[in-house]
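Have a look at the structure below, then the notes.
Every number in this text was worked out from the coordinates using simple rules, so none of it is lab data. Not measured: the values here are computed from a predicted model. Glycine gets a Cβ as well: all are built from the backbone with ideal geometry, and neighbour counts include every protein chain shown.
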Amino acid sequence: MAFAFTDPFETLFNFQQALDQLRASAWLEAGVSGQGAFPPLNVFRKDHDIVVIAEVPGVGKEDLSIEAKGNAIRIAGTKRIAFRDGTSVHRRERRNGRFDRTVTLPIEVDAEKIKAECRDGILAIFLPRAERDKPRAIAIN
Amino acid sequence: MTEQALQVQEKKELAQKGEKTVPARYYVPATDIYEADDALTVVMEVPGVDRKDVEVRLENDELHVEARLDVSKYDGMEPLYTEYNIGHFSRTFSLSQKIDQQQITAALDDGVLTLTLKKVQEAVPRRIEIK
């Protein structure tokens, strides 16, 4: 690490700025369907692999369906909100409904090794880059 | 309830009195509030927040909720394409009902924080019998 100590707020702030700079960047080209549709997606690179992260608060595993076909990943599901009877509603800001969107990645993905995790309202899809798609260092003779 | 296609809610950045002194951005969690005879229920969306990082305080009839995100989960991740930003969540409500401090319960499921605030006995509406 470059510094003796790092301020966690500084780290967060820098990361927030990095996220802002890549707002709807060209990396996915035309590969994202329904931009502005639910759930909002962030795409990261971790080593050679791609991680797609979405915020889906209130959506459980059982209400989500993830499909992969080639380089296309489909995220579909339903967000439900349960209201108890006999209560009066003071404020209603949360939204519910169906969602369905597809992302096509500009890299080759090893479809067999895709993993998805949904915890604390965050959906993370791990997409390992296909071995044959990884850049290879070329030895110079 | 009919199921319509779900639209994205742009995250609202915190801008209110009692601004934070730290540079990082805070967001206002989308919140539902409903009231029953004996209790007030506050439901907040705080995706990505751990149980241990939620702080709920009630003082001077103000309910403060702060939910902090553990940014270290993003270590080693390089953003390529983004549609939303991340940050801590913070929100304050002024309560018009008397709440029993001792009986506030909180639950966190799938990134949804549910607070149940029991009203103090005198604030519970009583049905008056007419003789």
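Rounded to the nearest 10 degrees, the angle from helix A:8-21 to the longest Cα principal axis of chain A is 80 degrees. Only lysines eight or more places from B:LYS11 in sequence, or on another chain, were considered; those with a Cα closer than 25 Å are A:LYS61, A:LYS79, B:LYS20, B:LYS52, B:LYS73.
Per the Cα gyration tensor, segment A:31-133 maps to an equivalent ellipsoid with semi-axes of 31, 12, 11 Å, ordered largest to smallest. Panel note: the C-alpha atoms of the protein assembly as shown, placed on their principal axes, show extents of 102, 50, 25 Å (largest first).
Net length available on complete extension from A:LYS113 to A:ALA26 is 28.7 nm, with 0.36 nm assigned per residue and the Cα-Cα distance removed. For the pair A:SER65 and A:ASP47, label points projected 7 Å from Cα toward Cβ lie 3.3 nm apart. The slack between A:ASN141 and A:ASN96, meaning 0.36 nm per residue of separation minus the straight C-alpha distance, is 10.1 nm. Go ahead and collect, in residue order, the members of segment B:82-98 whose backbone nitrogen is under 15 Å from a label point 7 Å along the Cα-Cβ direction of B:ASP61. Only B:93-98 fall inside the zone, counting backbone N under 15 Å.
Candidates A:VAL52, B:GLY76, B:ILE33 compared by Cα position along the dipole of the protein assembly as shown: farthest toward the positive end lies B:ILE33, with charges placed on Cβ. Among the residues of A:67-75, the average count of other protein chain beta-carbon atoms within 10 Å of the residue beta-carbon is 0. Between the beta carbons of A:VAL89 and B:GLU129, assuming R0 = 25 Å, the FRET efficiency works out to 0.25 to the nearest 0.05.
Selection among A:GLY86, A:LEU28, A:THR104 by position relative to the dipole of chain A gives A:GLY86 as farthest towards the positive end (Cβ unit charges, Cα centre). Comparing mean-square fluctuations of A:PHE83, A:PHE38, A:PHE15 from a GNM of chain A with C-alpha springs under 10 Å, the top value falls on A:PHE83.
When chain B is treated as a Gaussian network with alpha carbon springs shorter than 10 Å, the biggest mean-square fluctuation among B:LYS73, B:LYS12, B:LYS98 belongs to B:LYS73.
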